[in-house]
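**Student:** Just dropping this structure here.
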Amino acid sequence: MINGTNVKLGKVRSAIRELFEYGRKRKAEIGEENVFDFSLGNPSVPAPEEVKTELLRLISETDPVFLHGYTSAQGDYSVRKTLADDINARFGTRLTADCLYMTCGAAASLCITLNALVCSGDEVITFAPFFPEYSVFASRAGAKLVAVKSDPLSFQPDLAALRSELCDKTKAVIINSPNNPSGVVYSEKTITALAEILREHEEKTGNEIYLISDEPYRELVFDDSISVPYIMNYYDRAIVCYSYSKSLSLPGERIGYIAVSNKMEELSEVYAGICGAGRALGYVCAPNLFQQLVKAVTGKTADISVYKRNRDILCAALTSYGYTVIKPDGAFYLFVKALEEDAEKFAEKAKEYELLLVPSDSFGVKGYVRISYCVDTAMIERSLPAFRKLAESYKA
Ligand SMILES: Cc1ncc(COP(=O)(O)O)c(C=O)c1O
């Protein structure tokens, strides 16, 4: 007999994957251009030109034994140093190379971090709506994921609700901003108040709590006046799980890092835990070609103006058809209120108009659908009559 939990995980597809597979079949039946697939968060803009230039340079000019060889388990020192220096220059932190651990993207960063911190029976808190894989990552690490609600209008975390969920078992709080699926950026006011609540709880109970910031969308913010607070400047027990999947449009290359704040007194212990969890999970020595690449293109981001244009087209059109949308400040998702109470039924109805929308249930809230607008602008324009007809079908 083998591990049944994993067998189940391997057999049951996520709601998003299920919809994507449905879309694949439907496109084969009625033609690609007739299906409006808003299911996946796969970047639709290419990686910046510098990625290609630097990859070619690395391949032609670097010793192949080094380039394709093992690095240190935690990643190449010069890569970690360059990235730490860049974080320090941008956010005023004082990280060293030994605060960083290179990973295969945010999923690996989160798995390693949770496995490093969690003792069996601990709880990890996050805010709904949240990325569904958090439940899988937390439970594999031995923790129960506790979802705390967000404010129903602003979709900022409900901090009163957080206060009532904190307990002796709480080991960590995961935040994700800009958020998948709401696109909301957690404000400085929210982060300041959240940090204060965690500190108060620590002081009262002596229970150490880590704040984990899952940041694949940090660079995807559409308005210069909106900044994404860097959690290490608000809370000392802070860990950032970063990924280049979306910022450089490189999701298939699997590259990211974990950054542990140097302000926590137990830094060396936590960093050792990260190295140990990476080792136990087999997440050592992230692909060196892409370690060297992210070092070479530090500071570059994919062209996010396309996402902004897509967002603006969808928000304006859907609002004019009578939908209620949460206007996103970042990422590439739009959260739309379903036109009936049951979001799953609404998403089924949307399929009749060839619209593939992800019901919000798997994100831990009811009554919404997620639209991934990292798609061709032309497809969005073609889809608008379908959105209008869907809205009209509820008025009839
Ligand atoms: C909120 C969030 N966290 C983590 C991930 C995983 O990202 P990666 O491709 O870097 O593993 C995703 C991917 O969509 C995500 O949306």
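Matching residues to (1) polar (S, T, N, Q); (2) buried (at least 20 other Cβ atoms within 10 Å of the Cβ); (3) in the same structural domain as A160 (by TED's automatic domain parsing); (4) farther than 16 Å from L100 by Cβ:
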site	(1), (2), (3), (4)
A193	no, no, yes, yes
T205	yes, no, yes, yes
Y230	no, yes, yes, no
I239	no, yes, yes, no
Y244	no, yes, yes, no
S249	yes, yes, yes, yes
I255	no, yes, yes, no
I274	no, yes, yes, no
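**Student:** How many residues, within segment 297-354, are in a loop (DSSP other than H, G, I, E, B), out of contact with any Lys or Arg (no Cβ under 7 Å at 6 or more places or on another chain) and under 20 Å from I226 (Cα atoms)?
**Tutor:** 10
**Student:** Being touching a residue at least 40 places away in the same chain (Cβ under 8 Å) and more than 16 Å from the ligand (Cβ to nearest atom) is the requirement here; does C285 meet it?
**Tutor:** yes
**Student:** If we keep just the residues of segment 68-115 that are in a loop (DSSP other than H, G, I, E, B) and within 16 Å of the ligand (Cβ to nearest atom), which is surrounded by the fewest Cβ atoms within 10 Å (Cβ to Cβ)?
**Tutor:** The selected residue is C104.
**Student:** Out of all the residues in segment 163-176, which are away from the ligand (no atom under 16 Å from the Cβ) and not in a loop (DSSP other than H, G, I, E, B)?
**Tutor:** Hits for segment 163-176 are R163, S164, E165, T170, K171.
**Student:** If I filter segment 278-287 for residues that are at positive phi and modelled with pLDDT of 95 or more, do I get at least one hit?
**Tutor:** Yes; the residues of segment 278-287 include at least one that is at positive phi and modelled with pLDDT of 95 or more.
**Student:** Which residue is farthest from the ligand (Cβ to nearest atom), if the candidates are limited to segment 116-141 and must be small (G, A, S) and surrounded by 17 or more Cβ atoms within 10 Å (Cβ to Cβ)?
**Tutor:** Applying the filter and picking the extreme gives A116.
**Student:** Now for a different question. Being away from the ligand (no atom under 16 Å from the Cβ) and touching a Leu at 6+ places or on another chain (Cβ under 6 Å) narrows it down to one residue among I191, I209; which is it?
**Tutor:** After ruling out the rest, the residue left standing is I209.
**Student:** Can you name every residue in segment 207-228 that is of a type in the set (G, A, S) and surrounded by 24 or more Cβ atoms within 10 Å (Cβ to Cβ)?
**Tutor:** S213 - this is the single residue of segment 207-228 that is of a type in the set (G, A, S) and surrounded by 24 or more Cβ atoms within 10 Å (Cβ to Cβ).
Listed here are the residues, each with its yes/no results for (1) in a loop (DSSP other than H, G, I, E, B); (2) surrounded by 12 or more Cβ atoms within 10 Å (Cβ to Cβ); (3) over 21 Å from the mean Cα position of the chain (by Cα).
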site	(1), (2), (3)
M1	yes, no, yes
T5	no, no, yes
K8	no, no, yes
I16	no, yes, no
L19	no, yes, no
Y22	no, yes, yes
K27	no, yes, yes
L40	yes, yes, no
P43	yes, yes, no
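**Student:** Return yes or no: is A28 free of Cβ contacts under 8 Å to residues at least 60 places away in the same chain and small (G, A, S)?
**Tutor:** Taking the combined requirement at face value, the residue satisfies it.
**Student:** When N262 is evaluated against the numbered criteria (1) surrounded by 23 or more Cβ atoms within 10 Å (Cβ to Cβ); (2) within 27 Å of E200 (Cβ to Cβ), which criterion, by number, is the only one it fails?
**Tutor:** (1)
Conditions (1) more than 17 Å from the chain's Cα centre (by Cα); (2) part of a strand (DSSP E or B); (3) closer than 22 Å to N115 by Cβ, marked per residue:
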{"position": "A161", "(1), (2), (3)": "yes, no, no"}
{"position": "P178", "(1), (2), (3)": "no, no, no"}
{"position": "P181", "(1), (2), (3)": "no, no, no"}
{"position": "E208", "(1), (2), (3)": "yes, no, yes"}
{"position": "L211", "(1), (2), (3)": "no, yes, yes"}
{"position": "D224", "(1), (2), (3)": "yes, no, no"}
{"position": "I239", "(1), (2), (3)": "no, yes, yes"}
{"position": "S245", "(1), (2), (3)": "no, no, yes"}
{"position": "L248", "(1), (2), (3)": "no, no, no"}
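**Student:** While we're on this one: Here's a check for you: in segment 215-256, which residue that is away from the ligand (no atom under 16 Å from the Cβ) and small (G, A, S) is nearest to N288 (Cα to Cα)?
**Tutor:** Here the residue is A238.
**Student:** State which residue pairs qualify: first residue assigned by TED's automatic domain parsing to the domain that holds A193 and inside segment 133-157, second residue buried (at least 21 other Cβ atoms within 10 Å of the Cβ) and basic (K, R) in any location, beta carbons under 7 Å apart, and separation of 6 or more residues or different chains.
**Tutor:** A143/K171
**Student:** Out of all the residues in segment 368-379, is one or more more than 22 Å from K27 (Cβ to Cβ) and either buried (at least 17 other Cβ atoms within 10 Å of the Cβ) or assigned by TED's automatic domain parsing to the domain that holds V184 (or both)?
**Tutor:** Yes, because at least one residue in segment 368-379 is more than 22 Å from K27 (Cβ to Cβ) and either buried (at least 17 other Cβ atoms within 10 Å of the Cβ) or assigned by TED's automatic domain parsing to the domain that holds V184 (or both).
**Student:** Is at least one residue of segment 187-203 closer than 30 Å to A302 by Cα, in a loop (DSSP other than H, G, I, E, B) and touching a strand residue (DSSP E or B) at 6+ places or on another chain (Cβ under 8 Å)?
**Tutor:** No - not one qualifying residue is present in segment 187-203.
**Student:** Of the residues Y230, Y234, Y217, Y186, which single one is in contact (Cβ under 8 Å) with a residue 40 or more places away in the chain and over 18 Å from the mean Cα position of the chain (by Cα)?
**Tutor:** Y234
**Student:** Hey, among the residues in segment 276-323 that are touching a Ser or Thr at 6+ places or on another chain (Cβ under 9 Å) and basic (K, R), which one's surrounded by the fewest Cβ atoms within 10 Å (Cβ to Cβ)?
**Tutor:** In this case the residue turns out to be R309.
**Student:** Can you name every residue in segment 142-158 that is closer than 16 Å to I212 by Cα and either more than 16 Å from the ligand (Cβ to nearest atom) or crowded, with 21+ Cβ neighbours inside 10 Å (or both)?
**Tutor:** Selection gives A143, K144, V146, V148, P157.
The values are calculated or read from the model by the stated rules, or taken from the named source; none is laboratory data. Owing to the predicted nature of the structure, the values given are computational and were not obtained by experimental measurement. Heads up, the Cβs are rebuilt from the backbone with ideal geometry, glycines too, and the neighbour counts pull from every protein chain shown.
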